[in-house]
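The values are calculated or read from the model by the stated rules, or taken from the named source; none is laboratory data. Bear in mind the structure is a predicted one, so any value in this text is a computation, not a measurement. As a convention, Cβ positions derive from the backbone with ideal geometry for all residues, glycine included, and neighbour counts pool all protein chains shown. Just so you know, the surface numbers come from the protein's heavy atoms only, side chains and all, with ligands and any DNA or RNA stripped out. Shrake-Rupley method; radii C 1.70, N 1.55, O 1.52, S 1.80 Å.
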Amino acid sequence: MAIWFGFVTLALLVVSSLADDDVIILTEENFEKEIGQDRGALVEFYAPWCGHCKKLAPEYEKLGASFKKAKSVLIGKVDCDEHKTVCAKYGVSGYPTLQWFPKGSLEPKKYEGPRTAEALTEFVNTEGGTNMKLAAIPSNVVVLTEDNFDDIVLDETKDVLVEFYAPWCGHCKNLAPIYEKVATAYKMEDNVVIANLDADKYKGPAEKYGVSGYPTLKFFPKGNKGGGDYDGGRDLDDFVSFINEKCETSRDGKGQLTSTAGIVVSLDTLVKEFVSANEDEKKTILSRIEAEVEKLTGSAARYGKIYSKAAKSCLEKGAEYANKEIGRLQRILEKSISPAKADEFTLKKNILSTFAASSL
């Protein structure tokens, strides 16, 4: 039963990964299951290292969002570095290559028009017989100006990452879709701000912080509002690692809390004592846990309350409580719930796992 459950879980994760974005990810395994069926499809054949592909990415994502609800049209993409067979089959020799596959056909028509979301929308509407309008995608990047820069960036309660960019800068355009994903990943973190400033338009702040090239990224943590250069990599995972380390957060690239979120080392030590103790000793250790929680501040204080509640419930409901509650929370997390609820239940599950692990 455990092996079967593992396979089902893996299958669900694979399906989820194919549908996370508005653009469908196509592979050697699913290409002909998705393409040439009961809907027309525009497919981008790309390579991750390709500069023109990176420039197209934000436009193509807008296109995907625009046609997300169009049942007769699919917007997809294939990584030709990873799925060479598919790309070779359709004669792809340069990147990005855009091809339209009519409904029920695997004979494509190459798209030769402008690579803007507007032009692509018009093309897909014409070929697919649809009448979709270009979607306006809300951004999670905070837009800075000379008027609001100090209020947002120099706020001592916030950790702020700022991109200084110029609209004409090619490297800035390549970074834009990645930077948007970073902002989206941390949108649930009240004390983390991902922001940008058009330094061509608002020269004052750029000059003040010595910006001479674009994009320049500077980090303004709670304890150092002088700002420091961000010299890390510019892939999503690089930004996530940096922010998690500097801001003491625990998010992955999709904005989900990791298994370490909510864990407080000092309380974990007490949990180990609590789980191995007899009933009378548990009451004493519970008091020590509560006393330790009173010393905590910030996010740790919030997590501490979950520890206290979990310890009380384990004391009242017995040793199996933690495992049973973890199972219940996992079932809820596998359903469609709000990001706020997902955070709440993940924190509870992570903290309860320390009680379950300590009892092994």
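When only DSSP loop residues count, what trypsin sites (Lys or Arg not before Pro) in segment 238-291 have their Cβ near at most 15 other Cβ atoms within 10 Å?
Those satisfying the criteria are Lys254.
Under 1.5 on a/c is rounded, so check that first for segment 142-247, then, if it is not, pick prolate when a/b is larger than b/c and oblate when it is not; a ≥ b ≥ c are the square roots of the alpha carbon gyration tensor eigenvalues.
Oblate is the answer for segment 142-247, as a/c is 1.5 or above yet b/c matches or exceeds a/b.
Report the accessible area of Arg39, computed with a 1.4 Å probe over the heavy atoms of all protein chains in place, in Å² rounded to the nearest 10.
60 Å²
Using the alpha-carbon centroid of each, what span in Å lies between segment 209-277 and segment 313-360?
One Cα centre to the other: 24 Å.
Send over a whole-number figure in Å² for the accessible area per residue of the chain, probe 1.4 Å.
Accessible area per residue, the chain: 55 Å².
Ratio of segment 265-357's C-alpha Rg to 2.2 N^0.38 Å, to two decimals?
Computed over Cα atoms of segment 265-357, the ratio equals 1.08.
For segment 192-333, just the Cα set please: Rg and Dmax, both in angstrom.
That works out to 21.6, 68 Å for Rg and Dmax.
List the relative contact order of the chain as a percent without decimals, with contacts defined as Cα pairs under 8 Å and 6+ residues apart.
Working: 510 pairs, mean separation 42.2, N = 360.
Reported as a whole number, the value is 12 percent.
List the residues, sorted by chain then number, that are 5 or more residues from Val142 or on another chain and whose placed amide H is less than 5 Å from its amide H.
So Val142 has HN proximity to Ile194, Ala195, Asn196.
State, in angstrom, two size descriptors of the chain derived from its alpha carbons: Rg to one decimal place and Dmax to the nearest whole number.
That works out to 24.8, 77 Å for Rg and Dmax.
For the chain, which cysteines have no second Cys with its Cβ under 4.7 Å from theirs?
Cysteines of the chain left without a disulfide-compatible partner: Cys247, Cys314.
Taking amide hydrogens as modeled 1.01 Å from N in the peptide plane, which residues meet the under 5 Å criterion relative to Arg251, leaving out close sequence neighbours?
Long-range HN contacts for Arg251: Thr258.
Do any of Lys33/Lys109; Lys71/Lys109; Lys77/Lys246; Lys62/Lys110 go past 28 Å between their Cα atoms, and which?
Result: Lys77/Lys246 exceed 28 Å.
State the percentage of accessible surface on the chain attributable to carbon and sulfur atoms; use a 1.4 Å probe and exclude ligands, DNA and RNA.
52 percent
Could you give the dipole magnitude of the chain about its Cα centre, charging the beta-carbon of Lys and Arg +1 and that of Asp and Glu -1, in debye to the nearest 20?
About 800 debye.
Checking the cross-link filter: which aspartates and glutamates have an alpha carbon closer than 14 Å to that of Lys305, excluding same-chain neighbours under 8 positions apart?
Within the straight-line limit of under 14 Å, Lys305 reaches these aspartates and glutamates: Asp268, Glu290, Glu292, Glu294, Glu344.
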